[in-house]
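Since the structure comes first, as structure tokens, the remarks are kept for the end.
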Amino acid sequence: MVLCPVIRKLVGKRVVLASASPRRQEILNSAGLRFEVVPSRFKETLDKAAFSTPYEYALETAKQKALEVANRMNKKDFRSPDVVIGADTIVSVDGQILEKPADKQHAYSMLSRLNGKEHSVFTGVAIVLCSTKDKQLETEVFEFYEETKVKFSDLSEELLWEYIHSGEPMDKAGGYGIQSLGGMLVEYVHGDFLNVVGFPLNHFCKKLVELYYPPSKDAIHHVKHDSVPSVETFEVLSDEESGSSNSTQQNVTSMLKGESAFSCGDPGSLRKKEVAQHVSGEPMANCSENVENQAPFPTILIELLDGFKASKAMFVACKLKVFDLLKGKDILKAKDVAAHINASVCGIERLLDACTALELLNKTNEGYSNTELANKFLVSDSEYSLHGFIIHANDYVWQFFTHLESAVKEGTNQNHQIFEKKAQNLFQDTFYHSRETKLRFMNAMHCIIKVTARDVATAFDLSGFRSACDLGGCTGALAHVLVQEYPDLHVTVFELPDVIENISCFQPLGQGSSRITFTPGDFFKDNIPKADLYILSRILHDWSDDKIDILLSKISDTCKPGSGLLLAEMVLDKKRRHGRSAWLQSLNMLVQTEGKERSCFEYRCLLERHGFRNVQIVQTGNWLDAILCTKC
Ligand SMILES: Cc1cn([C@@H]2O[C@H](COP(=O)(O)OP(=O)(O)OP(=O)(O)O)[C@@H](O)[C@H]2O)c(=O)[nH]c1=O
């Protein structure tokens, strides 16, 4: 696979697809790209007359879609994306641009216009590279377009209407989907088929090659071979991470000098040797044959094999407060870090180097320093610190995962392994079994809620509600964001008495606290306060359907018609590759709790059987998704 390595260049970067199109997601997924989906809110209403060609219109729309998402994420998020991809597909016929039809009649007029003729499908793509300086977003936009010609057969009115009634045309440019039933309308396609479907993958990969391996004059000049190597040569070299085109070039140069740029044990070394043969004069055919015959390198498996080591390295560095130390000191040598935290120099050096490889630290000749990411999230007293959550993962969750095999075999949590007795009461006997574990758990929840609360609070417009009750609202972190966002809202945090006793450790959290009340109680046993809006943030995933039925029926009985219920959960979605956190979290629920993560459909069923309707979901792009419904 020649193009594979260039996709791999994006591994470790936060890549965002600024598109709601399921086709684009599927095309990029199947190319092995890992990305998040944050649909753009840019309205596709640019004045078409202002563009001299249809593709300029598609390019500008694609660019605006991507920039809107980059800007929004930079404002809202804690970690700005590295790359945002936007795309816009249009159909052009007789000088007219066709987008998605507004209704069936509109679809009919589009399809009639395409009937029996050749038209062009243009997809404009914008790749926006993002960086931040003093919290200001800086962007560099790379754009390209692809044109594919498509010809429709002569189609009868009857067939067109039958097609329209299938519902397929409605969310597709030109009113057809070539990949599905619409394929029957098409006589021929000249050009990239995937471009018609919504994303020109081949051109995209070529663009990435240009971006990540700009062919350097020197490198080409050095190669003593009749045919100047195409860019593919650079792609093959890229298999061994060189980090920059410069070092790629160095590798080529050093191989020409007869030096080996790659170590023997290196999994990529076989490929490198073949390339070395090629650049030193072996016939190209041998080289490409060898490369073709080789099984693709299972990078993803290596990443998974390394996953637990990477987690543990970060956990231990947090536990030893390495990031706290470096925040105060700017740059330290390994021996100074070791002295401060009373650890061995050789051990600390390895840990710091691993953290550097994981991009949590920077390393120079002077020593180690925190990356921006570490300063923001790993330092224990930073505003959006995840330190507490990481310590909980290290000290508590890690132990449970060592019993994953039993959990899978038994189909139940492993509290009995850790606490040597089956938990009668899930929270009291586990997370809250001592003051220390309780505070650690509360701190972990506090950390997660702080980093997700704003997205959850603003996923829907909640300004119509005057009172809210956050059931199991822990330290009140979500309540604080809600009262900041909605000046007329009063929030009651309903929590177990012994949790409320300890909330002072996590206060104050900001303005508006006079509109927050903490009310002690157990939502399974006690009456719950009256409110216009109920909130269950990361509650339902702890419980079985039976327990959820008890809770939802209690909320349903207490609230008036028109009241809202807001859930914040990781929603399972097979189509979302970036949703892997939710699937792993569901395993976490298996080892630790009585619950699981659920799909949107499962939540809808649970909610509807208790009289909640109009169930809407917003994928916030953050850890938690938001679901809002209304009591009928
Ligand atoms: C011609 C054709 C188009 N499409 C879809 O048409 C939408 C175009 O609309 P867009 O405005 O470019 O994208 P969108 O779906 O509104 O998403 P977004 O990027 O969020 O604007 C995209 O979906 C494409 O797949 C197909 O699925 N098959 C086809 O044969």
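The values are calculated or read from the model by the stated rules, or taken from the named source; none is laboratory data. Computed from a predicted structure; not experimentally measured. Here the Cβ positions follow ideal geometry from the backbone for every residue, glycine too, while neighbour counts run over all protein chains shown. With ligands, DNA and RNA removed, areas are computed over all heavy atoms of the protein, side chains included. Shrake-Rupley method; radii C 1.70, N 1.55, O 1.52, S 1.80 Å.
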Restricted to segment 98-123 and to residues being within 33 Å of the chain's Cα centre (by Cα) and acidic (D, E), the residue least open to solvent (accessible area, probe 1.4 Å) is E99
Only one of (1) under 30 Å from R580 (Cβ atoms); (2) more than 14 Å from the ligand (Cβ to nearest atom); (3) of a type outside the set (K, R) does not apply to D47, and that is (1)
Requiring at least 1 residues that are within 22 Å of the chain's Cα centre (by Cα), the helices (runs of 4 or more DSSP H) wholly within segment 301-384 are 345-357, 372-377
Note on segment 73-112: residues more than 16 Å from the ligand (Cβ to nearest atom) and more than 26 Å from L155 (Cβ to Cβ) are N74, K75, K76, D77, F78, R79, S80, D82
Original post:
For E36, are the conditions met, namely being within 15 Å of the ligand (Cβ to nearest atom), open to solvent by 50 Å² or more (accessible area, probe 1.4 Å) and either of a type in the set (D, E, K, R) or on the phi > 0 side of the Ramachandran plot (or both)?
Top reply: no
From the option list A62, A70, single residue qualifying as buried (at least 17 other Cβ atoms within 10 Å of the Cβ) and more than 13 Å from the ligand (Cβ to nearest atom) is A70
So, first residue in the same structural domain as L59 (by TED's automatic domain parsing) and within 14 Å of E147 (Cβ to Cβ) in segment 188-209, second residue away from the ligand (no atom under 14 Å from the Cβ) and part of a loop (DSSP other than H, G, I, E, B), Cβ within less than 6 Å, six or more apart or across chains; the pairs are none
Over segment 185-203, the set of residues part of a helix (DSSP H, G or I) and within 12 Å of the ligand (Cβ to nearest atom) is L185, F193, L194, N195, V196, V197
Among residues of segment 276-324 being of a type in the set (S, T, Y) and under 20 Å from I7 (Cα atoms), the residue modelled with the highest pLDDT is T299
Can R41 be described as in contact with a helix residue (DSSP H, G or I) (Cβ under 7 Å, 6 or more places away or on another chain) and either within 13 Å of the ligand (Cβ to nearest atom) or not assigned by TED's automatic domain parsing to the domain that holds F204 (or both)? yes
- Message: Condition check: away from the ligand (no atom under 13 Å from the Cβ) and under 25 Å from S40 (Cβ atoms). Does K133 satisfy that?
- Response: yes
Note: among F506, F524, just one is under 32 Å from the mean Cα position of the chain (by Cα) and of a type in the set (F, W, Y), namely F506
Kindly indicate whether any position in segment 113-131 is without any contact (Cβ under 8 Å) to a residue 40 or more places away in the chain and either basic (K, R) or not assigned by TED's automatic domain parsing to the domain that holds S52 (or both).
yes
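A quick yes/no check of all residues on (1) surrounded by 15 or more Cβ atoms within 10 Å (Cβ to Cβ); (2) of a type in the set (K, R); (3) in contact with a Gly (Cβ under 9 Å, 6 or more places away or on another chain):
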position: A313; (1), (2), (3): yes, no, no
position: L325; (1), (2), (3): yes, no, no
position: K333; (1), (2), (3): yes, yes, yes
position: D336; (1), (2), (3): yes, no, yes
position: A339; (1), (2), (3): no, no, no
position: S344; (1), (2), (3): no, no, no
position: G347; (1), (2), (3): no, no, no
position: D353; (1), (2), (3): yes, no, no
Would you mind stating whether A126 is open to solvent by 70 Å² or more (accessible area, probe 1.4 Å) and either within 16 Å of the ligand (Cβ to nearest atom) or among the polar types (S, T, N, Q) (or both)? no
Of L607, L566, L551, the only residue that is touching a residue at least 12 places away in the same chain (Cβ under 8 Å), open to solvent by less than 20 Å² (accessible area, probe 1.4 Å) and assigned to a strand (DSSP E or B) is L566
Picking from T452, T492, T458, the residue that is farther than 21 Å from K76 by Cβ and either surrounded by 24 or more Cβ atoms within 10 Å (Cβ to Cβ) or not assigned by TED's automatic domain parsing to the domain that holds L378 (or both) would be T492
Might you check whether a residue that is within 15 Å of G198 (Cα to Cα), among the β-branched types (V, I, T) and touching a residue at least 24 places away in the same chain (Cβ under 8 Å) occurs anywhere in segment 55-78?
yes
When restricted to L208, L160, the only residue open to solvent by less than 10 Å² (accessible area, probe 1.4 Å), at pLDDT 95 or above and either within 30 Å of N71 (Cα to Cα) or in a helix (DSSP H, G or I) (or both) is L160
